[in-house]
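The values are calculated or read from the model by the stated rules, or taken from the named source; none is laboratory data. Model, not experiment: these values are computed from the prediction. Glycine gets a Cβ as well: all are built from the backbone with ideal geometry, and neighbour counts include every protein chain shown. Side chains are part of the model used for accessible areas, which takes the heavy atoms of the whole protein and leaves out ligands, DNA and RNA. Shrake-Rupley method; radii C 1.70, N 1.55, O 1.52, S 1.80 Å.
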Amino acid sequence: MLYFYYILAGVVSGVFGGLGMGGGTLLIPILTIFLGLDQKVAQGINLFSFLLMALVSIAVHYKHGFISTKNIFYIIFFGIIFAILGAFLMSFLPSKILKIVFGVFLCCLAVVEFAKVFKK
């Protein structure tokens, strides 16, 4: 039965990742809350699966002309630098702090998205 939950987590995060929403916003809570994994392990699994899903998503989105390459170098360059800094910082923080930070991030994201809906 446990494998069913892992497959379900992969399906849900894959669908939302393919839509460009970021499957990790669902995968990390599924892995930590429902499957009992440590926050750091869940984030590591999310990052690894994201790399694989992103390659497929990039190919499909590029094929349909949904990717603009203008100024992409700056995004990639600073994204890599801050990903390294973030991973370094994460290695020193306890899992409990990471859970709180991620929870606050999700709450802020929810507020922003609801505001967008009601603004229209």
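What does the charge count near P94 come to, summing +1 for each Lys or Arg and -1 for each Asp or Glu among other residues with Cβ under 12 Å from its Cβ?
Charge balance in the 12 Å sphere: +2.
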| query | Which whole-number percent is the relative contact order of the chain (Cα, under 8 Å, 6+ apart)? | reply | 20
| request: Please give, to one decimal in nm, the separation of the simple spin-label points placed at F48 and V117, each 7 Å out from Cα toward the Cβ. | output: 3.5
| Apportionment of accessible area to carbon and sulfur, the chain, percent (1.4 Å) | 79
| query | Under Stokes-Einstein, with the Kirkwood radius over Cα pairs standing in for Rh, what whole-number D in µm²/s applies to region 51-113 at 25 °C and 0.890 mPa s? | reply | 168
| query | Any idea what angle helix 95-119 forms with the longest principal axis of the chain, computed on alpha-carbon atoms, 0 to 90 degrees, nearest 10? | reply | 50
| request: State which stretch of the chain is the longest one without any exposed chymotrypsin sites (Phe, Trp or Tyr not before Pro), exposure meaning a DSSP loop state and at most 14 other Cβ atoms within 10 Å. | output: 1-65
| remark: Here the alpha-carbon Rg of region 1-83 over 2.2 N^0.38 Å rounds to 1.23
